[in-house]
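The values are calculated or read from the model by the stated rules, or taken from the named source; none is laboratory data. Small disclaimer: the values here were computed from a predicted structure and weren't measured. Heads up, the Cβs are rebuilt from the backbone with ideal geometry, glycines too, and the neighbour counts pull from every protein chain shown. Just so you know, the surface numbers come from the protein's heavy atoms only, side chains and all, with ligands and any DNA or RNA stripped out. Shrake-Rupley method; radii C 1.70, N 1.55, O 1.52, S 1.80 Å.
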Amino acid sequence: MQFPESGTYIPALMTAAKTGLSAPKVPAEIDFPHRHLLGIQDLSPDEITYLLDLSDSYAEHNRARGGKLDIMRDKTLINLFFEDSTRTRTSFELAGMRLGADVINIAVANSSIKKGETIIDTAMTLNAMHADALAVRHSNAGAVKLLSEKVNCAVINGGDGSHEHPTQALLDALAIRRRKGHLQGLLVALCGDIAHSRVARSNIYLLQTMGARVRVIAPPTLIPPAMERLGVEVFHDMRAGLEDCDIVMMLRLQRERMEGSFVPSVHEYFKFYGLDYDKLQHAKPDALIMHPGPMNRGVEIDSDVADDLDRSLIREQVEMGVAVRMACLDVLTRDRPDTTP
Ligand code: CP
């Protein structure tokens, strides 16, 4: 095994060398000054590129069945999800286990939160047990940041209200980059419930930071006010909006965040904004289809389009989720001074 030039510290390689485990080829480490991952807005292009490069190496390691690493040996990851999740929670769990961590999932429904304990007291309780990382999802925007200010371990935002879902944007970017080879210059359409979507917000920040152009396509009721200020083009007609697009990312109607009715009916919504082959032909012939999941088939996307193996990246998005969360856990749990509040 080749060690890097002196002065270049590559923890994954060095850890694997000590233990004899097979190691992913990791990029040269950069200065990553963040204690937590709360949003894409906090990250520079170099930091995003570094996380994507590291994720890519973990993706290859996972595909090659490279086995369990010990990068997080003797460290503990706690998943604290106040909102439902299949993909994010499970992939954090898998990511932690593949890095050798002890992983605990708090079942919020059976926890002392049900007895009235606050999110802050819950976080401080877990912190006192010397967790090394918390992956947290909450229905309120800003709740994960608030929690991060009360603990000394790394906190990763698994989605806070309609605000941000940073690991989702990273895994989307990784899936795109692996197929298209780059992000710079791509034209990406985000279609559907932009108003309530943390996935849309994190993707807008990431894609623009990395030099892609972003369009949002939705009925006026599902576009937040002053959307253009984020530098995106806004379309209300799906066929016009899809013209020349390289990537078509569909978003679910977030009914759990809606008060009142934002669309006349599901049938009408699918007719005007559901992705089918008829509308897709307005995008580039090699345009790729994405969806963060969970999908509502027949509402925002037609089943045949979603399952089109040549054009749909949806399964790859899920696969990349484990690799991206391994990279984020690796970077954020590297040795740091104890700053217990
Ligand atoms: N994409 C996503 O966040 O899915 P889950 O709600 O299943 O985690």
Requested in this report: Would you calculate the separation in nanometres between label points at residue 44 and residue 307, each defined as 7 Å from the Cα along the Cα-to-beta-carbon direction?
Outcome: 4.7 nm
Query - Amide H partners (placed H, <5 Å) of residue 275, local residues excluded - result: 301, 302
Query raised in the report: Which order do peptides 39-52, 146-159, 63-76 fall in by mean Cβ count within 10 Å, highest first?
Result: 146-159, 39-52, 63-76
Report summary line: If one builds a Gaussian network model of the chain from Cα atoms under 10 Å apart, the most fluctuating residue listed among 96, 116, 142 is 116
Query - Kirkwood hydrodynamic radius of the chain, from inverse mean 1/r over distinct Cα pairs, in Å - result: 20.7 Å
Query raised in the report: What list of ³J(HN,Hα) couplings, whole Hz, do you get for the range 301-308 from phi and the Karplus terms 6.51, -1.76, 1.60, once you set θ to phi - 60° and write x for glycine and proline?
Result: 8, 7, 4, 4, 5, 4, 9, 6
Requested in this report: Please report, in debye to the nearest 20, how large the charge dipole of the range 59-187 is about its Cα centre when each Lys and Arg carries +1 at its beta carbon and each Asp and Glu carries -1 there.
Outcome: 600 debye
**Report entry** Rg in Å to one decimal, and Dmax rounded to a whole Å, for the range 114-226 via C-alpha atoms
**Finding:** 16.9, 51
Query raised in the report: Length gain on complete extension for the stretch residue 276 to residue 255, per 0.36 nm per residue less the alpha carbon to alpha carbon distance?
Result: 5.4 nm
Query - Rg in Å to one decimal, and Dmax rounded to a whole Å, for the range 273-341 via C-alpha atoms - result: 18.2, 57
Query raised in the report: At what distance in nm do the modelled label points of residue 65 and residue 240 sit from each other, each positioned 7 Å from its Cα along Cα→Cβ?
Result: 5.3 nm
Requested in this report: Provide the per residue accessible area, probe 1.4 Å, for the chain, rounded to a whole number of square angstrom.
Outcome: 44 Å²
Query raised in the report: For the chain, what's the relative contact order in percent, using C-alpha pairs closer than 8 Å and at least 6 residues apart?
Result: 18 percent
Report task. Take peptides 129-141, 318-330 and line them up by average Cβ neighbours within 10 Å, highest first, as a rough protection proxy. Result -> 318-330, 129-141
Query raised in the report: Given a Förster distance of 35 angstrom, what is the FRET efficiency for residue 109 paired with residue 149, based on the Cβ-Cβ distance and rounded to 0.05?
Result: 0.85
**Report entry** Accessible surface of the chain, 1.4 Å probe, proportion on carbon and sulfur as whole %
**Finding:** 50 percent
Requested in this report: Using a 10 Å cut-off on Cβ atoms, rank the peptides 302-309, 198-205 from the highest mean neighbour count down.
Outcome: 198-205, 302-309
Report task. Sum up the lysine pairs in the chain that clear both bars: alpha-carbon distance under 30 Å and a spacing of 8 or more or different chains. Result -> 19
Requested in this report: Could you pull out every whole DSSP H run in the chain that spans at least 24 Å of Cα extent along its own axis and averages 0.0 or higher on the Kyte-Doolittle scale?
Outcome: 314-332
Requested in this report: Give the relative contact order (percent, whole number) for the range 155-300; include only Cα pairs under 8 Å separated by 6+ residues.
Outcome: 24 percent
Query raised in the report: If you take the charge dipole of the chain about its Cα centre, with +1 on Lys and Arg Cβ and -1 on Asp and Glu Cβ, which of 234, 192, 174 is farthest toward its positive end?
Result: 174
Query raised in the report: Just going by the charge dipole of the range 195-326, with Lys and Arg at +1 and Asp and Glu at -1 on Cβ, which of 270, 326, 245 is farthest out on the positive end?
Result: 326
